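Take a look at the structure below.
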Amino acid sequence: MLLILGSVGGLLVAADQLTKLAVRQSFALGESVPVWGDFFRLTYIHNVAGAFGVWFGHPAVYYIASIIISLIIIHTICRRPDLRSWSTWGLTLVLGGAIGNLIDRVFVGEVVDFLDFEFFDLDLPSFKFLFIHFRGYTMTRWPIFNLADSSIFCGIWVLILSVWLDPPDKSLSTIEGTMPQPIPGPQLNGAGKPDDAVPM
């Protein structure tokens, strides 16, 4: 089972790296080529932030987070490699995406992104509420991403759905069913003596 899961994760990483290599060899940094009008474009950029351009601070945060998350997922999968579990496949998808982007950070210095879609526009107005001051946010195109980001995104949704799709854990009931049961003692009669006691 671990071989199957490892093969799937390896294929995800390979597909991610091969597509990024093709883009790096075929495009100049910042070049954008329409594939399906303005809805879908191939746009070669480098991203120092996280998946879909999410920014959490210093770039070192992403190195450390990717390594820690990958180790935790590998440990979890090795302990319970259940191919029938949706959560196992969700973790495999997240792991493949995390390793794919980590390879970019180590060997390129930044993550290679190239999938550019025009899904919808987003315009959130600024507001103040108590001590919260939101400066507003405008998005005219979806953040440029890659296959590793897609794998992470799909894996997270599979993990969320696994809460309802995975069967309940029967390990506890199995353990309880194998525990030795106490031997019933002799029953007492109304006089407080065992029923099978022999009168003197």
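Computed from the coordinates by the stated procedures, all read-outs in this text should not be read as laboratory data. Worth saying up front: this structure is predicted, and the values here are computed from it rather than measured. Virtual Cβ from ideal backbone geometry, glycine too; neighbours counted across all protein chains shown.
Some values worked out for this structure:
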read-out	value
Loop-located trypsin sites (Lys or Arg not before Pro) in the range 77-108 whose Cβ has at most 13 other Cβ within 10 Å (DSSP)	R84
Cα gyration tensor, the range 96-157 - rounded (a/c under 1.5), prolate or oblate	prolate
Footprinting exposure proxy for H75, H46 (fewest neighbouring C-beta atoms within 10 Å first)	H75, H46
Integer Hz, Karplus 6.51/-1.76/1.60 couplings in order for the range 150-163, x for Gly and Pro	4, 5, 5, 4, 5, x, 5, 5, 5, 4, 5, 5, 5, 4
Label-point separation in nm, V35 to F129, each point 7 Å along Cα→Cβ	3.8
Per-residue Cβ neighbour rank within 10 angstrom, fewest leading, V108, V23, V163	V163, V108, V23
The range 2-170: C-alpha gyration tensor shape, a/c 1.5 cut-off, then a/b vs b/c	oblate
Local electrostatic count at G96 - Lys and Arg +1, Asp and Glu -1, tallied over other residues with Cβ under 13 Å	-2
Sequence-separation-based contact order of the range 2-170, relative, with Cα cut under 8 Å and 6+ spacing, percent	29
Most positive-pole-ward Cα, A65, P81, L95, against dipole of the range 3-126 from beta carbon charges	P81
Gyration tensor (alpha-carbon) shape descriptor, the range 55-94, a/c threshold 1.5	prolate
